[in-house]
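S.K.: First the structure, then my questions, so here it is.
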Amino acid sequence: MQLEIRRIILFTAQLEAMTAFYRDVVGLKLVGQEEGWRDFVAGACNLALHRGKAAPGIRTPKIVFYSADVAQARAALKGRGARMGKLLENPEFAMCDGKDPDGNAFQISSRR
């Protein structure tokens with residue numbers, strides 16, 4: 001049996017703010033919407049938001065989005081109001097961390 005990730009679910013008490021962030025700031029396409037549920041296409045794996053109290057452990061999950069040009073993606077996200085950290089580059093790849101409205105970590109990376 002081979003399992004593949006199809007969806008990551010984030011639980012949130014701020015469903016509308018999180019929907020706006022992932023739709024309007026990150027630019028994901030909303031493909032499913034039910035009471036308390038939003039589903040976004042995010043490449044090979046969908047990102048879903050589920051209304052409910054988030055209870056992450058000490059270190060929250062991090063969603064990583066691929067971009068061939070991390071600096072350009074970072075600038076675009078900052079321009080749309082995202083909280084983004086510094087651009088980090090090395091010979092193999094570039095990356096930049098950010099936070100969504102609930103404080104969940106996400107990253108833009110050129111690592112394949």
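Nothing in this text is a laboratory measurement; each read-out follows from the coordinates by a stated rule. Every value quoted in this text rests on a predicted model; they were computed, and no experiment measured them. For neighbour counting, all protein chains shown are included, and Cβ atoms are generated from backbone atoms with ideal geometry for every residue, glycine included.
S.K.: Once you wrap a convex hull around the alpha carbon atoms of segment 23-86, what is its projected area averaged over all directions, in nm²? Mind dumping the intermediate values first?
M.R.: Details: hull surface 22.4 nm².
One quarter of the hull surface, i.e. the mean projection, equals 5.6 nm².
S.K.: Okay, moving on. Summing +1 for each Lys or Arg and -1 for each Asp or Glu, what net charge is found among the other residues whose Cβ lies under 10 Å from the Cβ of Ala44?
M.R.: Value of the local net charge: 0.
S.K.: Counting Lys and Arg as +1 and Asp and Glu as -1, each charge on the Cβ, what is the dipole of the chain about the Cα centre in debye, to the nearest 20?
M.R.: Roughly 180 debye, rounded to the nearest 20.
S.K.: In percent, what relative contact order does the chain have, based on Cα pairs under 8 Å that are 6 or more apart in sequence?
M.R.: 25 percent
S.K.: With the chain treated as a Gaussian network of Cα nodes joined by springs under 10 Å, which of Lys29, Lys78, Lys86 yields the largest mean-square fluctuation?
M.R.: Lys86
S.K.: Under 19 Å Cα to Cα from Lys86, which aspartates and glutamates show up? Leave out anything in the same chain fewer than 8 places away.
M.R.: Leaving aside aspartates and glutamates fewer than 8 places away in the same chain, those within reach of Lys86 are Asp69, Asp97, Asp100.
S.K.: Please report, in cubic angstrom per residue, the volume enclosed by the convex hull of the alpha-carbon atoms of the chain.
M.R.: On the way: hull volume 14.3 nm³, N = 112.
Convex hull volume per residue, Cα atoms: 128 Å³.
S.K.: Report, for the chain, the % of DSSP beta bridges that are antiparallel, rounded to 5.
M.R.: 60 percent
S.K.: Taking amide hydrogens as modeled 1.01 Å from N in the peptide plane, which residues meet the under 5 Å criterion relative to Ala94, leaving out close sequence neighbours?
M.R.: Ser110, Arg111
S.K.: Where Lys and Arg each count +1 and Asp and Glu each count -1, what net charge lies around Phe93 among other residues with Cβ under 9 Å from its Cβ?
M.R.: 0
S.K.: Does anyone have the angle between helix 70-79 and the longest principal axis of the chain? Alpha-carbon axes, 0 to 90°, nearest 10?
M.R.: Approximately 50 degrees, to the nearest ten.
S.K.: Between Glu89, Glu35, Glu16, which gets the highest mean-square fluctuation from a Gaussian network model of the chain, Cα cutoff 10 Å?
M.R.: Result: Glu35 has the largest fluctuation of those listed.
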